[in-house]
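Data first, discussion second: the structure below is written as structure tokens.
The values are calculated or read from the model by the stated rules, or taken from the named source; none is laboratory data. Note that the structure is a prediction, hence the values are computed from the model and not measured. Cβ coordinates were reconstructed from backbone atoms using ideal geometry, including for glycine residues, and neighbour counts include every protein chain displayed. Ligands, DNA and RNA are stripped out before the accessible areas are found, and what is left, the full protein with its side chains, is counted by its heavy atoms. Shrake-Rupley method; radii C 1.70, N 1.55, O 1.52, S 1.80 Å.
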Amino acid sequence: MKKLVSDIFDLLDRRRHLPGYRLEERLSPFFEFFLIDTLSAHFPMVDFHPIVIPEFPVREHTVYSYHKSTKSELFCLDSSDNNLHYNVDFVAFSKDVRQVFLIELKTDMGMRNVKQDGYLRGARKTPFHLFLEDIPALAKASRKKPKYVHLLHLLEQLNLVQIPSDGLLFSKTFSEPTPGWTNAFEGVKFCFDVQFAESKLVYIQPESYECENSNIHYISFCNVAKSIHRLSDLGKLFSKYLGRWSKKPGSEVPRQ
């Protein structure tokens with residue numbers, strides 16, 4: 001098995017140099033597997049909840065509206081269709097869920113872009129409970145309703161929502177949504193009484209930056225490697241390749 005994983009990493013290492021190859025999506029599960037260990041090493045005073053939510057939906061209009069209403073410097077972000085959204089790579093929480101960490105993974109520094117960074121910074125300064133309030137509208141407008149029920153299931157484990165115990169939502173959702181789904185969904189209770197602290201934005205990327213904002217953090221691949229290389233054989237192997245992936249894609253001579 002170790003040889004198989006090593007061969008997979010070696011294949012990724014070769015292919016990352018190709019023009020259209022996106023290493024980020026292929027490595028996301030490995031970063032998620034070690035994410036709590038990585039965050040705990042960077043934030044030693046935080047006790048993290050073991051549940052992480054990947055691809056958390058953030059409604060663009062909510063970010064725009066909040067910052068426009070508060071006259072923030074970020075209110076110049078484009079107003080969008082009500083249900084247009086983008087996904088934050090990972091959202092992690094402290095054990096009491098009051099601290100929220102919005103995590104963006106980049107495997108190529110060249111993939112950072114100003115517009116996305118603007119939305120991420122806007123999302124960081126937007127009260128997190130507003131994004132929870134958006135979930136019903138996003139779910140009802142989506143063609144992927146069963147996936148939103150899986151999102152609700154994770155949020156329930158975080159004690160941020162309560163799904164009725166009568167099983168009606170599940171029976172109306174799986175395997176395909178049936179008439180009455182909306183009524184069943186409206187039985188879900190969101191716990192908006194949690195007093196969230198201002199969210200932190202965390203970039204996991206090949207290079208580290210210095211940032212004066214205490215709520216924006218950069219974790220380099222080298223720092224991830226230091227956090228995980230002693231955890232397991234997989235951690236040791238992954239940390240080895242993270243050292244290679246700290247270098248700019250396309251900067252090496254092609255290998256046989």
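Contact map, the range 2-21: residues that are within 13 Å of Lys240 (Cα to Cα) paired with residues that are surrounded by fewer than 13 Cβ atoms within 10 Å (Cβ to Cβ) and at pLDDT 90 or above, Cβ distance under 9 Å, separation 6+ or inter-chain. Pairs shown: Val5/Asp233. Annotation: of all residues in the range 211-254 being free of Cβ contacts under 8 Å to residues at least 24 places away in the same chain and closer than 20 Å to Leu102 by Cα, the one that is surrounded by the fewest Cβ atoms within 10 Å (Cβ to Cβ) is Glu212.
For the subset of the range 15-28 comprising residues that are open to solvent by 80 Å² or more (accessible area, probe 1.4 Å) and assigned to a helix (DSSP H, G or I), which member is farthest from Ser94 (Cα to Cα)? Among them, the one singled out is Arg15.
Exactly one condition in (1) touching a Ser or Thr at 6+ places or on another chain (Cβ under 7 Å); (2) modelled with pLDDT under 90 is not met by Val253; state its number. For Val253, the exception is condition (1).
Scanning the range 163-196 for residues that are open to solvent by 50 Å² or more (accessible area, probe 1.4 Å) and of a type in the set (Gly, Ala, Ser) gives Ser165, Ser171, Ser175. Scoring Asp166 on the criteria (1) assigned to a loop (DSSP other than H, G, I, E, B); (2) under 24 Å from Glu24 (Cβ atoms) leaves a single failure, condition (2). Condition check for Val194 on (1) at pLDDT 90 or above; (2) part of a loop (DSSP other than H, G, I, E, B); (3) among the aliphatic types (A, V, I, L, M): one failure, at (1).
For every residue, the table says whether it meets (1) in a loop (DSSP other than H, G, I, E, B); (2) modelled with pLDDT of 90 or more; (3) buried (at least 17 other Cβ atoms within 10 Å of the Cβ); (4) under 15 Å from the mean Cα position of the chain (by Cα).
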{"position": "Phe30", "(1), (2), (3), (4)": "no, yes, yes, yes"}
{"position": "Leu39", "(1), (2), (3), (4)": "no, yes, yes, yes"}
{"position": "Pro44", "(1), (2), (3), (4)": "yes, yes, no, no"}
{"position": "Thr62", "(1), (2), (3), (4)": "no, no, yes, no"}
{"position": "Leu74", "(1), (2), (3), (4)": "yes, no, yes, no"}
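Does Asp78 satisfy being at pLDDT below 90 and either surrounded by 13 or more Cβ atoms within 10 Å (Cβ to Cβ) or more than 21 Å from the chain's Cα centre (by Cα) (or both)? Considered against the rule, which asks whether it is at pLDDT below 90 and either surrounded by 13 or more Cβ atoms within 10 Å (Cβ to Cβ) or more than 21 Å from the chain's Cα centre (by Cα) (or both), Asp78 comes out as yes.
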